[in-house]
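What follows is calculated from the coordinates using simple rules that are stated; it is not laboratory data. In this text, all values refer to a predicted model and were calculated from it rather than measured experimentally. Note that we place each Cβ from the backbone using ideal geometry, even for glycine, and neighbour counts take in every protein chain shown.
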Amino acid sequence: MPPLCPACRTAVGAHDRLCPACWSRLRFIERPFCPVLGVPFSADLGEAIVSAEALADPPPFRRARSAVLFDETARLLVHQLKYRDQPGAAGIVAALTLRAARELADRADLVVPVPLHRFRLWQRRFNQSAEISARLAAGLGLEHAPMALMRTRRTRQQVGLNARERAANMRGAFCVRERFRPLVAGRQVLLVDDVYTSGATIKAATKALLRARAESVDVVTFARAGIDPLG
Ligand SMILES: [Zn+2]
């Protein structure tokens with residue numbers, strides 16, 4: 001079998017590579033962006049300027065960063081990661097996420113993925129966030145705690161819910177497992193997920209870590225959905 005592009009599955013020259021067309025279509029999130037939310041600004045307003053969104057609705061996490069916008073190529077990569085055995089997809093997604101995580105690493109000492117519900121985990125066979133976070137922790141030389149967070153209940157699919165409904169749906173949906181509470185307490189946690197969508201899931205997971213007395217939580221995701229550059 002010749003190596004295939006993990007996004008579009010055309011033949012490529014080597015494993016763990018995107019084809020040139022898919023690579024050129026990825027839209028990397030670069031500065032200038034909001035130092036809290038990591039959402040790109042359309043103009044450079046300086047390092048100290050925080051977005052209106054972050055001021056109006058301060059998130060429980062300290063900083064969030066994502067590698068790329070959630071466009072078609074990013075969606076294909078995440079889909080491969082979730083539903084198929086494409087080891088190449090995990091390697092590429094992890095490598096790009098690692099780039100976005102580098103600036104957070106000096107104030108992080110524990111890497112924790114957002115967990116899937118057990119039922120979905122079984123459906124998909126593995127947790128794509130844990131797949132990314134394992135490689136991230138290794139790349140950054142940080143401790144990895146893939147089992148620290150758990151879902152406390154099943155949640156509805158977020159699709160079709162508005163922001164308020166999403167927040168309500170996710171409220172209290174996570175907790176830190178009892179035996180991991182001593183590990184989390186006082187630590188600077190780097191929380192990892194594949195896609196930042198409305199933020200409802202990420203914020204609920206962050207709050208669970210803070211309830212377990214984590215000192216701080218920073219967030220890194222591979223892709224960021226639903227953003228237009230802020231003016
Ligand atoms: Zn491709």
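Data for the structure
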read-out: DSSP-defined antiparallel bridges as percent of all bridges, the chain, nearest 5; value: 20 percent
read-out: Electrostatic dipole magnitude of the chain [Cβ: Lys, Arg +1; Asp, Glu -1; Cα centre; debye, to 20]; value: 1060 debye
read-out: Ordering of 8-17, 94-103, 137-146 by burial proxy (mean other Cβ atoms within 10 Å per residue, highest first); value: 94-103, 137-146, 8-17
read-out: Other-chain or far-sequence residues with amide H under 5 Å of A64's (modelled H); value: L37, G38, V219
read-out: Share of alpha-carbon pairs per 10 Å distance bin for region 26-224, given as whole %; value: 9, 37, 40, 13, 1
read-out: Partnerless Cys - the chain, beta-carbon criterion under 4.7 Å; value: C8, C22, C34, C175
read-out: Inter-part distance where region 1-46 and region 89-106 are each reduced to a Cα centre, Å; value: 12 Å
read-out: DSSP-loop trypsin sites (Lys or Arg not before Pro) across region 125-181, with at most 13 other Cβ within 10 angstrom; value: R125, R153, R154, R156, R171
read-out: Choice from P59, P115, P182 with maximal GNM fluctuation in the chain (Cα, 10 Å cutoff); value: P182
